[in-house]
Amino acid sequence: MPDPVPIRDYVAEFLRTHCDLELGDIPPAATLADLDVDSLTVLSIIVLVEKEYGLELPERRVAAARTFAELMDLLGVRIAAPS
């Protein structure tokens with residue numbers, strides 16, 4: 001059985017395919033609204049990650065995520081600080 005794709009790469013591919021966003025180009029402090037990532041898109045990311053990786057994320061924390069960094073932190077994905 002092949003190793004699973006890291007969550008970071010899985011999310012990056014989703015953002016590239018569905019939102020026309022490149023993970024490395026997103027400022028961590030950007031709000032989801034700034035990125036035109038609506039609540040349905042966030043829900044899609046969460047559900048897909050939960051299914052793919054067998055995770056169960058707390059709904060309150062998901063609903064409270066306002067920035068890209070908060071969403072990635074919730075998923076356990078480290079994002080590089082801007083240089």
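Using all C-alpha to C-alpha distances in the chain, build P(r) with 5 Å bins and read off the rounded percent in each one.
Final binned percentages: 3, 14, 28, 29, 17, 7, 2, 0.
Roll a 1.4 Å probe over the protein chains and send me the accessible area per residue for the chain in Å².
About 70 Å² of surface per residue is accessible.
Take the solvent-accessible surface of the protein heavy atoms, probe 1.4 Å, and return the percent of it on the chain that carbon and sulfur atoms account for.
Result for the chain: 53 percent of the exposed heavy-atom area is carbon or sulfur.
Amide H neighbours of Thr67 under 5 Å, counting only residues 5+ apart in sequence or on other chains, H built in-plane at 1.01 Å?
Hits under the 5 Å cutoff: Leu32.
Report the trypsin sites (Lys or Arg not before Pro) located in region 9-72 that are in a DSSP loop and have at most 14 other Cβ atoms inside 10 Å of their Cβ, or state none.
Arg66
So how do 42-49, 70-77 stack up, highest first, on mean other-Cβ count within 10 Å?
70-77, 42-49
Please list 3J(HN,Hα) in residue order for region 7-23, calculated via the Karplus relation 6.51 cos²θ - 1.76 cosθ + 1.60 where θ = phi - 60°; whole Hz, with x for glycine and proline.
Residue by residue, region 7-23 yields 3, 4, 5, 4, 5, 4, 5, 4, 4, 5, 6, 9, 10, 6, 10, 9, 3 Hz.
At 222 nm, what value in deg cm²/dmol follows for the chain if DSSP H runs of at least 4 each add -39500 (n - 2.57) and the sum is divided by all its residues, to the nearest 500?
-14500 deg cm²/dmol, from helical runs alone.
Work out Dmax and Rg for region 1-47 from the C-alpha atoms and quote the Rg first, both in angstrom.
Cα-based Rg and Dmax for region 1-47 come out at 11.5, 39 Å.
The values are calculated or read from the model by the stated rules, or taken from the named source; none is laboratory data. Since we're looking at a predicted model, the values are computed, not measured. Note that we place each Cβ from the backbone using ideal geometry, even for glycine, and neighbour counts take in every protein chain shown. For accessibility, only protein heavy atoms count, side chains too; no ligands or nucleic acids. Shrake-Rupley method; radii C 1.70, N 1.55, O 1.52, S 1.80 Å.
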